[in-house]
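The values are calculated or read from the model by the stated rules, or taken from the named source; none is laboratory data. As the structure is a computational prediction, the values presented were derived from the model and not from experiment. Note that each Cβ is placed from the backbone with ideal geometry, even for glycine, and that neighbours are counted across all protein chains shown.
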Amino acid sequence: MIDPERFCESLAQLATQAGFAQQTLAEISGYPLLAFQRNARGAGESPFRLYLSSGVHGDEPAGPLAIARMLENDLLPQRLELVLLPFINPTGFALRTRENALGQDLNRDFRHPKNQETLAVKNLIDSLPPFDLSLALHEDWESVGFYMYSISPDSDPSKARAILEAVEQAGPLERSSLIDGSPAHGGLIDRPANFDIEGRDDWPEAFLLYSKSRHAHYTLESASSAPLEQRIAQHTAGVLRAIELHCS
Ligand SMILES: [Zn+2]
């Protein structure tokens, strides 16, 4: 598993090497909540803006490790304006729990934040221009394969399907027709553009992001039961394919 203190140091080093500016949004029980931003190079007046996050749940290491790997191998294209929040719940990782040290599921707290972590992330998102694409990396302890939630302003699932095709090259998809209570097909839980986010008070990060600018959002879920290297490879494949498809 991940040691939060060492992992934050390593993230900071990798991100700095990759040309990111670092910001500590909050101190959470002595751990920094780190955000990294990098301006686009050679992309003209209005570069494509990507938000990429992970580590909202402390028992889901694949997302943070995938982002660290992408930084280490310099896989994120320079032409993007990037905001990275790789490790939102450090106390959850210290305790190896889904929730933070206060027992709160942060991914139900992005509408009216009651936790330091979600408040810091919301304040950052509120202070920034809208994004063109946002991606959140998670894991699921119950699924046997990889799946993805998609919300898109054009209600066209073709890009989401293409992302999952790339993910499948690195490992199997979840084929169940019902995932976490939602109808799914080929590993995709597809939310329409008019998906009712206002009716819920316990917003996940995805709803906060989508409420800002109605851009395409994907929440990628790897199966915790799969080998860690496979989960990392699937997340990486999904992120890179999503970038390729949306920012061509
Ligand atoms: Zn999660």
Which numbered condition trips up Tyr147, out of (1) closer than 29 Å to Ile28 by Cα; (2) within 13 Å of the ligand (Cβ to nearest atom); (3) of a type in the set (Phe, Trp, Tyr); (4) not in a helix (DSSP H, G or I)?
-> (1)
When the residues of region 177-193 are filtered to those that are over 13 Å from Met148 (Cβ atoms) and of a type outside the set (A, V, I, L, M), which remaining residue is modelled with the lowest pLDDT?
-> Pro192
List every residue pair whose Cβ atoms lie under 9 Å apart, where the two residues are 6 or more positions apart in sequence or sit on different chains, the first residue falls within region 44-64 and is on the phi < 0 side of the Ramachandran plot and in contact (Cβ under 8 Å) with a residue 12 or more places away in the chain, and the second residue, located anywhere, is within 10 Å of the ligand (Cβ to nearest atom) and among the aromatic types (Phe, Trp, Tyr).
-> Asp59/Trp141; Glu60/Trp141
Please find, within region 212-226, the residue that is nearest to Ser134 (Cα to Cα) out of those that are out of contact with any Gly (no Cβ under 7 Å at 6 or more places or on another chain) and of a type in the set (Gly, Ala, Ser).
-> Ala216
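Report, by residue number, each residue of region 189-207 that is part of a loop (DSSP other than H, G, I, E, B) and either under 13 Å from the mean Cα position of the chain (by Cα) or not small (Gly, Ala, Ser) (or both).
Kept after step one, since they are part of a loop (DSSP other than H, G, I, E, B), are these residues of region 189-207: 192-204.
Those that are part of a loop (DSSP other than H, G, I, E, B) and either under 13 Å from the mean Cα position of the chain (by Cα) or not small (Gly, Ala, Ser) (or both): Pro192, Asn194, Phe195, Asp196, Ile197, Glu198, Arg200, Asp201, Asp202, Trp203, Pro204.
Among the residues of region 103-134, write down those that are polar (S, T, N, Q) and either surrounded by 18 or more Cβ atoms within 10 Å (Cβ to Cβ) or within 16 Å of the ligand (Cβ to nearest atom) (or both).
Gln104, Asn107, Asn115, Gln116, Thr118, Ser134
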Which condition breaks for Leu173 when tested against (1) under 13 Å from Tyr218 (Cα atoms); (2) touching a helix residue (DSSP H, G or I) at 6+ places or on another chain (Cβ under 8 Å)?
-> (1)
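Select, from Pro64, Pro86, Pro153, Pro157, the only residue that is within 14 Å of the ligand (Cβ to nearest atom), closer than 17 Å to His217 by Cα and either buried (at least 24 other Cβ atoms within 10 Å of the Cβ) or more than 18 Å from the chain's Cα centre (by Cα) (or both). Full working, then the answer.
On the way: Pro64 fails: closer than 17 Å to His217 by Cα; Pro153 fails: within 14 Å of the ligand (Cβ to nearest atom); Pro157 fails: within 14 Å of the ligand (Cβ to nearest atom).
Among Pro64, Pro86, Pro153, Pro157, only Pro86 is within 14 Å of the ligand (Cβ to nearest atom), closer than 17 Å to His217 by Cα and either buried (at least 24 other Cβ atoms within 10 Å of the Cβ) or more than 18 Å from the chain's Cα centre (by Cα) (or both).
So, of the residues in region 208-239 that are farther than 20 Å from Glu60 by Cα and either assigned to a helix (DSSP H, G or I) or over 17 Å from the mean Cα position of the chain (by Cα) (or both), which turns out to be modelled with the lowest pLDDT?
Among those that are farther than 20 Å from Glu60 by Cα and either assigned to a helix (DSSP H, G or I) or over 17 Å from the mean Cα position of the chain (by Cα) (or both), it is Ser213.
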When you go through (1) over 15 Å from the mean Cα position of the chain (by Cα); (2) not in a loop (DSSP other than H, G, I, E, B) one by one for Tyr51, which number turns out not to apply?
-> (1)
Could you please find all residues in region 160-177 being among the aliphatic types (A, V, I, L, M) and crowded, with 18+ Cβ neighbours inside 10 Å?
-> Ala160, Ile163, Leu164, Ala166, Val167, Ala170, Leu173
Which residue pairs have Cβ atoms closer than 7 Å, lie 6 or more positions apart in sequence or on different chains, and pair a first residue in region 21-39 that is of a type in the set (Lys, Arg) with a second residue that is at pLDDT 95 or above and crowded, with 18+ Cβ neighbours inside 10 Å?
-> Arg38/Phe20; Arg38/Leu82
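State all residues of region 233-246 that are aliphatic (A, V, I, L, M) and either in contact with an Asp or Glu (Cβ under 9 Å, 6 or more places away or on another chain) or surrounded by fewer than 24 Cβ atoms within 10 Å (Cβ to Cβ) (or both); if no residue qualifies, say none.
Residues of region 233-246 aliphatic (A, V, I, L, M): 233, 237, 239-240, 242-243, 245.
The answer is Ala233, Ala237, Leu240, Ile243, Leu245.
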Considering each of Asp180, Asp201 in turn, give the residue that is within 25 Å of Leu124 (Cβ to Cβ), surrounded by fewer than 19 Cβ atoms within 10 Å (Cβ to Cβ) and acidic (Asp, Glu).
-> Asp201
A careful count of residues in region 180-204 that are without any contact (Cβ under 8 Å) to a residue 40 or more places away in the chain, closer than 23 Å to Glu142 by Cβ and hydrophobic (A, V, I, L, M, F, W, C) gives 1
